[in-house]
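Colleague: Below you will find the structure I want to go over with you.
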Amino acid sequence: MKNKISAVYFFLIISSLVLLSGCALELLEIGELAAEEAGGLAASEVAAGIAAEDVALIAAEEESILGEIVTEEGTLNTKLAEVRVREALGENPRLYVNTRYGTKDIAEITGTRTIRVLDKGISKSIPGEFFKVKGDVVKVRSTKFLDANDYNLKYKIYENELVLVLSERDGWYTVWLGENKVGYVKAGFGLLVPVLASTSFANNASHHPIYKTCSNCNGVGTIYKTINCTSCNGYGYLNCNSCKGNGKITCYSCNGNGKNTCYSCKGKGNNTCYSCNGRGYNTCYSCYGKGYNQCSACYGRGFTSCSTCYGTGRLRDQRGFVHQCNRCHGYGKFQCSRCRGHGNIQCSRCLGQKTFTCNRCGGHGSITCSTCGGVGTKTCNTCGGVGSQICHSCGGNGRRHCDRCNGNKTIQVQYLCNNCRGAGQIDIADY
């Protein structure tokens, strides 16, 4: 009975959960329809494909850029690299930035050091004059010096980018690139043109200019001139880095001496005599260093037996009587006449000295080195005794190819057109 009641309760719980989930789905669909009828996204935003939450983000982005460009200090510190200029002859140039969905005009240049903020309609002073890069690339240096090797190169700015020229002194612009980047650009050589140069007639209401393309630069604003290469000074080559222009390098084997220490005698010029091991004498091989030899007549005994009595000292006569040997007088032996009773005789080779002078070294204990002939040095095999070698980098001519001019001695340098000041057009009334 209890099992049947539990099964009924379980069935009722499952049924109620299914009904509640169906109601929740219906409420969710109704909420979505209501949101669409209420216009959750504006019609223009839907057409542009912009989500509602992105609208505020885009507005904040533009406001951030505006706030960075125009401040009370007049700086464009963090966004100058993103700013570009839109120019039209006879009109003030305008500054704009590229936003996520197009360009945005933010300010108008009204003077060399003043701009007008378009959204707020107020004028602001800036710390320098806007210049635009007219060449392909302009090198910003850390010092006022045109280094051909670009050791003082600090930054590079490229065509159509903007910089603020803070001052001009000694033929150099002090430029500011934003983000606290300051450097120097050679005036005229750096191909920087004032932004207001091409719109200098904008504020002259009494004059209605008629422009034509500059014939000097064909409307480009810059011209190329051929000058001597600044890296090689017009020679087309540079001194070899390895030999410094000498064509030769110091021999690495002998360090320029032309000679090496003899490897056999280590520079001494002689070697130890191998016959006597440097002593200058040899032990007598006849007496083995004793100075004497055993007497060959008495075999070292010092006496010889009597040949008459055969060493007995007695003789038997014909009658059978024994009597003393008349020759040895009964001793049976004689003193060795050769060694005089010593049993040994002086060595005939060393004359009793036990040693004799080394025949190979003459008693010096050393012999002249056969490798170097006693000099202690040997001619360097690498350089042949000259002390130098031909430089392998330049082949001995002391020169290397100039990479900047490719050996042509001259280079093409881009200059600002003096006729139109970089505008590319000139006023007919001036001619």
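Colleague: So which residues in segment 365-381 are exposed (fewer than 14 other Cβ atoms within 10 Å of the Cβ) and either touching a Pro at 6+ places or on another chain (Cβ under 9 Å) or over 30 Å from ASN282 (Cβ atoms) (or both), if there are any at all?
Modeller: ASN381
Colleague: Something else: Kindly check whether there is at least one residue in segment 353-363 that is in a loop (DSSP other than H, G, I, E, B) and within 18 Å of LYS290 (Cβ to Cβ).
Modeller: First, the residues of segment 353-363 that are in a loop (DSSP other than H, G, I, E, B): 353-354, 358-363.
In the following step, the residues that additionally are within 18 Å of LYS290 (Cβ to Cβ) were identified as 353-354.
Yes.
Colleague: Here is a further query. Considering (1) in a loop (DSSP other than H, G, I, E, B); (2) under 60 Å from the mean Cα position of the chain (by Cα), say which one GLN389 fails and leave the rest.
Modeller: Looking at each condition in turn, GLN389 falls short on (1).
Colleague: Something else now. So how many residues does segment 350-379 have that are within 22 Å of SER253 (Cα to Cα) and either more than 50 Å from the chain's Cα centre (by Cα) or among the β-branched types (Val, Ile, Thr) (or both)?
Modeller: 4
Colleague: Just give me the residues in segment 224-251 being within 23 Å of ILE390 (Cα to Cα) and not in a loop (DSSP other than H, G, I, E, B), in sequence order.
Modeller: Result: TYR237, LEU238, ASN239, LYS248, ILE249, THR250.
Colleague: When you look at CYS298, is it in contact (Cβ under 8 Å) with a residue 40 or more places away in the chain and in a loop (DSSP other than H, G, I, E, B), yes or no?
Modeller: So CYS298 passes the test.
Colleague: Here's another thing I want to ask about it. Is at least one residue of segment 196-219 buried (at least 16 other Cβ atoms within 10 Å of the Cβ), modelled with pLDDT of 70 or more and closer than 16 Å to VAL85 by Cα?
Modeller: Checked against the condition, which is being buried (at least 16 other Cβ atoms within 10 Å of the Cβ), modelled with pLDDT of 70 or more and closer than 16 Å to VAL85 by Cα, segment 196-219 yields at least one hit.
Let's see how each residue does on (1) closer than 26 Å to LYS225 by Cα; (2) in contact (Cβ under 8 Å) with a residue 12 or more places away in the chain; (3) under 36 Å from the mean Cα position of the chain (by Cα):
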residue: VAL117; (1), (2), (3): no, yes, no
residue: GLY121; (1), (2), (3): no, no, no
residue: LYS124; (1), (2), (3): no, yes, no
residue: GLY135; (1), (2), (3): yes, yes, yes
residue: TYR151; (1), (2), (3): yes, no, yes
residue: ASN160; (1), (2), (3): yes, yes, yes
residue: ARG169; (1), (2), (3): yes, no, no
residue: TRP176; (1), (2), (3): no, yes, yes
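Colleague: Here's another thing I want to ask about it. Quick one: in segment 83-121, which of the residues that are among the small types (Gly, Ala, Ser) and under 23 Å from TYR158 (Cα atoms) is modelled with the highest pLDDT?
Modeller: Here the answer is ALA107.
The values are calculated or read from the model by the stated rules, or taken from the named source; none is laboratory data. Given the structure is predicted, the values throughout are model-derived calculations rather than measurements. Note: ideal-geometry Cβ built from the backbone for every residue, glycine included; neighbour counts use all protein chains shown.
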